[in-house]
Amino acid sequence: MRRVALIALLLVLGAAGCGGSEVVAPTAGTVEGTLPSTGGSTGDGDASDGKSLFASQGCNGCHTYTPAGSKASVGPNLDELAKHAEAANQGSVEEYTAVSIENPGAYIAPGFPENVMPAYASLADQQVADLVAFLTNP
Ligand code: HEC
């Protein structure tokens, strides 16, 4: 993708040179469009940043999670996340958690309503990783 863009850039520059002897130094190509998200970011998360995000993103308004001091029960009790992830059998606890945050509709925790948890698809990968770290290894 990048390489194609760079080659296209060089071709354009070459054509624009039109036989001149001027040497055109290639500059870094621009990335067109957005890079695909890795989806399910894991690792390299910072649990203390995740703790702040858990409050600032309103997760504590729906979930019980002892390390966050929250006691809401709209969504599953996240003190039991590891157990739920195992039962869900959707990959590692980290993967399950990241997908649950970015795309909650991908798997609905048994006994809980669909379309209640908002999809946090606009969080940066680092923020998702921070939340995953806080939820899996506070
Ligand atoms: C409006 C309420 C609401 C908010 C806000 C909310 N959730 Fe949820 N969450 C739910 C519900 C309901 C479910 C269960 C249905 C499902 O699986 O989508 C759920 C499921 C989950 C699960 C899977 C839990 C399990 O035990 O299987 C995780 C992890 C999770 N949420 C994390 C978060 C995080 C992190 C945030 C903040 C970024 C958040 N939630 C914000 C309601 C909410």
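The values are calculated or read from the model by the stated rules, or taken from the named source; none is laboratory data. In this text the structure is predicted, and so the values were computed from the model without any measurement. Reconstructed Cβ throughout: ideal geometry from the backbone, glycine too, with neighbour counts over all protein chains shown. Side chains are part of the model used for accessible areas, which takes the heavy atoms of the whole protein and leaves out ligands, DNA and RNA. Shrake-Rupley method; radii C 1.70, N 1.55, O 1.52, S 1.80 Å.
Here are the numbers for this structure:
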read-out	value
The range 47-136, relative contact order [Cα under 8 Å, separation at least 6], %	36
Amide H partners (placed H, <5 Å) of Ser70, local residues excluded	Tyr65
Pair Ala119, Glu80: separation of 7 Å Cα→Cβ label points (nm)	2.7
Probe 1.4 Å - accessible area at Lys83, Å² to nearest ten	130
Cα gyration tensor shape for the range 47-136, rounded if a/c is under 1.5, else prolate or oblate	rounded
The range 62-131: GluC sites (Glu not before Pro) in DSSP loop, at most 10 other beta carbons within 10 Å	Glu114
Relative contact order [Cα under 8 Å, 6+ residues apart], the range 87-136, whole percent	41
Per residue accessible area in Å² of the range 47-136, where ligands, DNA and RNA are left out and the probe is 1.4 Å	53
The range 49-71-the range 120-138 distance, computed between alpha-carbon centres (Å)	12
